[in-house]
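The values are calculated or read from the model by the stated rules, or taken from the named source; none is laboratory data. All figures in this text were calculated on a predicted structure; none of them were measured in a lab. A quick note on method: Cβ atoms are made from the backbone with ideal geometry, for glycine too, and the neighbour counts reach across all protein chains shown. When the accessible area is computed, the model is the full protein with side chains, heavy atoms only, and any ligands, DNA or RNA have been set aside. Shrake-Rupley method; radii C 1.70, N 1.55, O 1.52, S 1.80 Å.
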Amino acid sequence: MTLTVFENAVVFDGESPDLIEGVNVIVEGDRIREITREPVRYSVDRVVDVTGRTIIPGLIDAHIHVYAAYLDSRLTADMPHTLAAVHAAHRLKSMLERGFTTVRDVAGGDFGIKQAIDQQLIPGPRLFIAGRALSITGGHGDHRKLTDPAVPCACSGMNASDMLTRITDGPTEVRRAVRDELRKGADLVKLLVSGGVGSPYDPLEGRQFCPEEVRAAVDEASAWGTYVAAHSYTPRSTRMAVECGVRTIEHGNFVDAPTAALMAENGTYMVPTLVCYEESAARGPELGLQPVILEKLKLVNEAGIRMLEICNEAGVSMGFGTDLMGELHDAQSREFLIRAQVLDPAHILRSATSINAAILNRQGELGCIRPGALADLLVIDGNPLADLGLLQEQGRHMPVIMKAGEFYKNTL
């Protein structure tokens, strides 16, 4: 088993806000063996001197969509699954180059693309998948035109637009759909419980699914040993999801203080995705977004920063997500800078490491630097707690990117 030593390290371990200085980080195989100030007294295969640099855990993005090839979803209506997979491979490689060694796809990602990464057929972050997200008829995931009466089936078709969601109504159908997505390899279940920005025909403030349907999904996911994530914007839809046992709220821009307090009381995570709204609003007109979607973007953009403040004051654990579609994916690391308007750098980095690892039920193994954890490590040119700009520019300031003990990049 290969032994690698990072000498003279300053470490942000993903859990404590304080840096650990003057240590050696020893990697054996795919795991961290030891963090020590003592000299290394046994034979090693590789030594990397990281003097003047900081080692942090590999970053985790808890809200992506690998098959969202374009911001304007109409462009994927006739896209073959095979072409969507090539688009996905390109985006996954770029995420790894930005230091994201783990990502969670919450609508669309399937067992095939996950296996392609695991079998090292394509480079990319470790992938957790929700399969197809569940939507009600007429909801955020119903992509039909107003003139189209045909209900799309949930079979594995070749239409890239339909790869992200499936339509299901009533507790019995929801149970069947949840069981089917889990059968197909999903790590979690995703429900769309409110209106959305990218769907032109449903009101943003609308509540989607009823409590009985949400409880059915939570019950089935729990029986499988996993959890439900819910796309939700409003206090009404978020409160319903929390009361029914949903574990993570995605987006949550319009949350109010009482709902945030309920989330904190129940240990429900919030996964904000603020960069997607800023980037979509800025670049949407040139990329063909419909006027009704641009109007929705204004509303969620105005509410986003306030949501961070409300959740922070209530003590809600916040993960790190981006939700960037298609052409916007290169802005992934800007989420760090947006959150810095409200939160301190250590808090933000914890959201993208140990908090997201807890969301994935992989705490102690991902998102941290401790003995026994997977060796997902980034070496940063400087101290990211003092300058979050070091996480920008597509990994330019990361001379080393290690995933599970293997160097994806090493310019030292």
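Structure notes:
- Amide H contacts of Gly131: Gly108, Gly109, Asp187, each under 5 Å away and 5 or more positions distant or on a separate chain (H built 1.01 Å from N in the peptide plane; Pro and chain starts excluded).
- In units of the rule-of-thumb radius 2.2 N^0.38 Å, region 245-350 shows an alpha carbon radius of gyration of 1.08.
- List Leu164, Leu299, Leu192, ordered by accessible area with a 1.4 Å probe, largest first: Leu299, Leu164, Leu192
- For region 60-133 and region 160-208, distance of Cα centres in Å: 18
- Ranked by solvent-accessible area (1.4 Å probe, protein heavy atoms only, all chains present), the residues Arg183, Arg350 order from largest to smallest as Arg183, Arg350.
- Placing a pseudo-label 7 Å from each Cα along the Cα-to-Cβ vector at Asp49 and Asp78 gives an inter-label distance of 6.0 nm.
- Most to least accessible of Asp72, Asp330 (protein chains only, probe 1.4 Å): Asp330, Asp72
- Angle between the chain longest axis and helix 171-183 axis [Cα atoms, degrees, rounded to 10]: 30
- The length gained by stretching the chain between Glu327 and Glu286 to full extension, at 0.36 nm per residue less their Cα-Cα distance, is 13.6 nm.
- Evaluating kT/(6 pi eta Rh) at 4 °C and 1.567 mPa s, with the Kirkwood radius of region 188-236 over Cα pairs in the Stokes-Einstein relation, gives 113 µm² s⁻¹.
- Derived scalar couplings between HN and Hα for region 272-279 equal x, 9, 6, 5, 5, 6, 4, 5 Hz in order, rounded to whole Hz, by the Karplus curve 6.51 cos²θ - 1.76 cosθ + 1.60 (θ = phi - 60°), x for Gly and Pro.
- Projected onto its three principal axes, the C-alpha set of region 1-149 covers 72, 33, 22 Å, listed from the longest axis down.
- Dipole of the chain computed with +1 at Lys/Arg Cβ and -1 at Asp/Glu Cβ about the Cα centre; of Ala177, Asn410, Cys368, farthest Cα towards the positive end is Ala177.
- Lys, Arg +1 and Asp, Glu -1 on Cβ, resulting dipole of region 163-265 about Cα centre, debye, nearest 20: 220
- Region 196-270, accessible surface, carbon-and-sulfur percent (1.4 angstrom probe): 50
- Crossing angle, helix 257-266 versus the chain [Cα axis fit, 0-90 degrees, rounded to tens]: 60
- DSSP-defined beta bridges in the chain - what % are antiparallel, rounded to 5: 45
- Overall Cα dimensions of region 204-293 - principal axes, largest extent first, Å: 45, 28, 22
- Approximate spin-label separation Ala346-Arg183, in nm, with each point projected 7 Å along Cα-to-Cβ: 4.9
- Here the scattering of the chain is modelled by Debye summation over its C-alpha atoms, one equal scatterer each and no solvent; at q = 0.09 Å⁻¹ the log10 of I(q)/I(0) is -0.52.
- Taking the DSSP beta bridges with both ends in region 183-290, the antiparallel portion is around 10 percent.
- Remark: C-alpha extents of region 345-412 on the principal axes read 30, 27, 19 Å, sorted largest to smallest.
- Dipole of region 30-152 [Lys/Arg +1, Asp/Glu -1 at C-beta], most positive-end residue of Thr137, Ala116, Gly52: Gly52
- Expressed to the nearest 5 percent, the antiparallel share of DSSP beta bridges inside region 1-99 is 65 percent.
- Remark: spin-label model distance Arg37-Leu121 equals 4.9 nm, labels positioned 7 Å along the Cα→Cβ axis.
- Cα long-axis angle, helix 81-97 against the chain (0 to 90 degrees, to the nearest 10): 40
- Surface composition of region 2-51: carbon and sulfur atoms hold 41% of the protein heavy-atom accessible area at a 1.4 Å probe.
- Basic side chains Lys and Arg get +1 at the Cβ, acidic Asp and Glu get -1 at the Cβ, and with that the dipole of region 1-119 about its Cα centre reaches some 240 debye.
- Whole-number percent relative contact order across region 9-106, with pairs defined as alpha carbons under 8 Å at least 6 apart: 28
- Residue-normalised accessible area of the chain, expressed per residue, 1.4 Å probe, Å²: 39
- Area of Glu406 that stays accessible when all protein chains are in place (1.4 Å probe, Å², to 10): 110
- Ordering 235-241, 310-316, 31-37 by mean Cβ neighbour count within 10 Å, with the highest value first, yields 235-241, 310-316, 31-37.
- Put a plus charge on the Cβ of each Lys and Arg, a minus charge on the Cβ of each Asp and Glu, and nothing anywhere else: the dipole of the chain about its Cα centre is then about 580 debye.
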